[in-house]
Amino acid sequence: MSNQKLQALIVEDNLSLAEIFKEAMQMAGFETFQVHDGLEARTTITELRPVVVVLDLHLPNLDGEVILKEIRQNPTLQKTKIIVVSANSRQASYLTDLADFVLLKPISFRQLRDLATRLYPSLSKE
Amino acid sequence: MALELNLTSLSLVITTIIAFALTIYGWQRRKVGNWVYPFVLLTLGAAIWANGYALEIASLTLPTKIFWAKVQYFGITSVPLGWLLFSYAYAGRSAWVTPKRVLVIALLPLITLLLVWTNETHRLIWETLTIAENSDFTGLRITHGLLFWLYWIYAYILLLLGTINLFRSYRNNPAAFRTQNLMLILATLAPWIGNTLYVTRLSPVPELDLSPFGFAISGLLFTLAIFRFQLFDLIPVARSIVMNQMSDGMIVLDNQLRVVDINQVALFLFQITKDDLFGKSIAEIINNDQERMKLLPAHAAPDNLLSFNIADKTHIVELFKTNLQDEQGQQRGHLVMLRDVTAYKESEKQLLEARDKAIEAYEFKSQFLAKVSHELRTPLNIILAYAEMVQDQVFGTITPIQEKPVKNIINNAAVLTRQVNNLLDMAQLENDRIALISTPFFVPDILNDVIQQATPLAEDKGLCIQLDTPTIVANKVQGDAEKITQILFNLVHNGIKFSDTGCITIKAAKLRDDEWMFSVNDQGMGISEERQETIFDPFEQASKSLTNRQRGVGLGLSIVKQFVELMEGRVEVNSQEDVGSTFTIWLPLPPATELELI
């Protein structure tokens, strides 16, 4: 029953990585959407209101950090869980309070899949 | 031996005493310089000469007079020799005085001495000897033989050479030494004037040899040179050597700021000659030049640096100024030293440039490392993730034959990823751009992670990995799990690299409520004591004789240490060659305070 699946948005400008994240999230039972640009991410998040956002920090046009802060300030997105993926440990370190999870690149496919599975264990069983 | 004392012999006795006192004075100070030995020979010769003459005059019979006349020749033959050698040493030309030359010069005096004592058989020195009665004394009337005249001419040549040396030294010496120098010339001339008067029979008393009396004048002048003009304290020989061979420029000024002394280096710097300068004021050198005002003793230049342009080359000179005081503490003048620091300043400049370049290169290296590893990480991440997906059959089932290659891809991509991560970590650590990400975690979780990551590597080498730790009953702790995993993995990986047999043993223990201890032990090649000090340095490895298989980039342990220190922990190594190594780390890990998110 695909229309009952929870939605996850993958915000990652590297298409191959986005594809991997998509696969991991799908294996965890999510319906996935991808965007590769910061501005596009901003509008998609408010329209789609996904339960999980896999958010890369380094994005064209709009920085992932700005998006993260906007989500946290948006009352309608209070329940959205954010998994930040970043290669920059310094930047990642001060975002741990805002993000639900911070994963440092390189991110293993299994790592993300297992994390997403733990988020909503019931989904993957379907 | 009958003697008769009279005024003449009494004055000669006094001369003897002075000359002998100078001999003893010199002998006691023979360490002062090479010139003291000829000085001793000279004064001792004079003492013997004067004493012999005193006793010759005082003797009543002809044979005793002849005996003492012969004794005098010990002095007569040694005085010109001593004088010549002394003059060479005093003028700073000791190098000329070789033992061979001394022997050649001493040959004729020695022959003469021999002939004097055997005169009765050949009469080559004295043809006739008779007693000459005078009003005051009884001398010898002598007709000199051929060899006497030969020696006499020879002695005068030696005297002349010595005097030339002293005149030369007089010309080259600074004012402070000129009086002393003049004293010495006069001291020598006195006895020879007396001698010439006697030998040429121009003496007012024909049978009286005036030369020993000259020694009395000599003795007085030498005494004056010693005590008034510090013959033994200010040694022009040493002065000329030190001053003119020193690499620093030196100017001595008196209280009126007149130039009293200047050495060759200083003359070169100012491009002037010595004659232009003596007695003139330093103001004439300065000639209102603001830069050279720094030379003035009262001028407090902030940097004490002075520049001279000589033949299109700029010499940078450092100034050292000292007040000169005498023993009573009275200000006597000033000393200005000029040290040419051009080469030093140039190398200092080059060093600074090199340092800037090194810093630039260092920064470039860090940026380059960060950039390269960043660029490498993304494709590696993709390879690793896709291989995992293949292994997890995301793209469909894989055959048993395909399993091993996929596993190999994953293992090696994982190793490569860690190496690249190490490089990036290193670059970030060097740039101080790495930060801790503190999250709550279970210690057993990270231990399992480490074992899971390292097992494929250990299996490849036929090693085992074991966790030697009692069941850890602990709540979550707060810390950077990622970095602790990396630390432990690096240590385990290190153990695997340097072991061929046995097990890598991981231990973990909670020491206090907020402190944990982890250790990794291997039974590998071990680390020598000397190398233990450097293994934590970047790009260092425990042994320089490593196989390619063991050789990594050499960053693992350096990162361990820096991460541990970043977490305010510490790391220690305990190792014995061919037995194994144990790396122990202590980390502050307080209990987790945040509520678990999942």
| Residues of B:382-394, mean number of Cβ from any other protein chain within 10 Å of their own Cβ, rounded to a whole number? | 5
| said: For the stretch B:96-149, what does the accessible surface come to per residue with a 1.4 Å probe? Please give it in Å². | reply: 59 Å²
| said: Over the stretch A:7-125, what is the relative contact order in percent, taking alpha-carbon pairs closer than 8 angstrom and at least six residues apart? | reply: 27 percent
| Measuring from label point to label point, each 7 Å out along Cα→Cβ, what is the residue B:313 to residue B:378 span in nm? | 5.8 nm
| request: Counting only GluC sites (Glu not before Pro) that are in a DSSP loop and have at most 10 other C-beta atoms within 10 Å, tell me the longest site-free stretch of chain B. | output: B:1-326
| query | In degrees from 0 to 90, rounded to the nearest 10, what is the angle of the helix B:443-460 Cα long axis to the longest principal axis of chain B? | reply | 80 degrees
| note | Too long for a 27 Å Cα-Cα cut-off, among A:22/B:407; B:365/B:461; B:365/B:404; B:483/B:507, are B:365/B:461; B:365/B:404
| Given A:68, A:44, A:28, which one lies farthest toward the positive end of the charge dipole of the stretch A:7-125, if we put +1 on the Cβ of every Lys and Arg and -1 on the Cβ of every Asp and Glu? | A:28
| query | Taking the Cβ-Cβ separation of residue B:464 and residue B:368 as r and a Förster radius of 41 Å, what is the calculated FRET efficiency to the nearest 0.05? | reply | 0.55
| In square angstrom, rounded to the nearest 10, how much accessible surface does residue A:69 have for a 1.4 Å probe? | 80 Å²
| request: Quick one: which residues, 5 or more positions from residue B:140 or on another chain, have an amide H under 5 Å from its amide H? H modelled 1.01 Å from N in the peptide plane, none for Pro or chain starts. | output: B:132
| Pairwise burial B:A, computed as accessible area of each alone minus the pair, summed, 1.4 Å, Å² | 2300 Å²
| said: Between residue A:43 and residue B:123, what is the label-point separation in nm under the 7 Å Cα-to-beta-carbon projection? | reply: 14.6 nm
| remark: Honestly the stretch A:7-125 on the Cα gyration tensor test (a ≥ b ≥ c root eigenvalues; a/c under 1.5 rounded, otherwise a/b vs b/c for prolate or oblate) is just rounded
| said: Taking each residue in B:432-442, count the Cβ atoms of any other chain within 10 Å of its Cβ, then average. What number comes out? | reply: 3
| field | Residues whose placed amide H lies under 5 Å from that of residue B:589, excluding near-sequence neighbours | value | B:515, B:516
| So how much slack lies between residue B:359 and residue B:432, counting 0.36 nm per residue of separation and subtracting their Cα-Cα distance, in nm? | 24.8 nm
| said: On C-alpha positions alone, give me the angle between the axis of helix B:400-430 and the longest principal axis of chain B, in degrees, nearest 10. | reply: 40 degrees
| task | Evaluate peptide A:99-105: per residue, the Cβ atoms of other protein chains within 10 Å of its Cβ; return the mean as an integer. | result | 3
| query | What residue among B:453, B:387, B:197 has its Cα farthest toward the positive end of the dipole of chain B, where the charges are +1 on Lys, Arg and -1 on Asp, Glu, each on the Cβ? | reply | B:197
| Of B:265, B:520, B:104, which has the most accessible area and how do the rest follow, probe 1.4 Å? | B:104, B:265, B:520
| query | When the solvent-accessible surface of protein heavy atoms is calculated with a 1.4 angstrom probe, in what order do A:67, B:111 fall, highest first? | reply | B:111, A:67
| message | Rolling a 1.4 Å sphere over the protein heavy atoms, what is the accessible area per residue of the stretch B:22-87, to the nearest Å²? | response | 33 Å²
| field | Estimated FRET transfer efficiency when R0 is 45 angstrom, pair residue B:500-residue A:94 (beta carbons, to 0.05) | value | 0.50
| remark: Expressed as a percent, the accessible surface of the protein assembly as shown that is carbon or sulfur, using a 1.4 Å probe and the full set of protein chains, is 57 percent
| query | Roughly how many nanometres apart are two label points built 7 Å out from the Cα toward the Cβ at residue B:530 and residue B:256? | reply | 6.9 nm
| field | On Cα atoms only, tilt of B:211-227 relative to the major axis of chain B in degrees | value | 30 degrees
| task | Please get the size of the charge dipole for chain B, origin at its Cα centre, with Cβ charges of +1 on Lys and Arg and -1 on Asp and Glu, quoted in debye to the nearest 20. | result | 3100 debye
| query | Going by the alpha-carbon gyration tensor, a ≥ b ≥ c the square roots of its eigenvalues, is the stretch B:10-167 rounded (a/c under 1.5) or, if a/c is not under 1.5, prolate (a/b greater than b/c) versus oblate? | reply | oblate
| task | Pairs of Cα atoms under 8 Å, at least six residues apart: use those to get the relative contact order of chain B, whole percent. | result | 7 percent
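The values are calculated or read from the model by the stated rules, or taken from the named source; none is laboratory data. Keep in mind it's a predicted model, so treat the numbers as computed, not measured. Ideal geometry is used to build each Cβ from the backbone, glycine not excepted, and the neighbour counts take in all protein chains shown. Quick note on the areas: whole protein, heavy atoms, side chains included, nothing else; ligands and nucleic acids left out. Shrake-Rupley method; radii C 1.70, N 1.55, O 1.52, S 1.80 Å.
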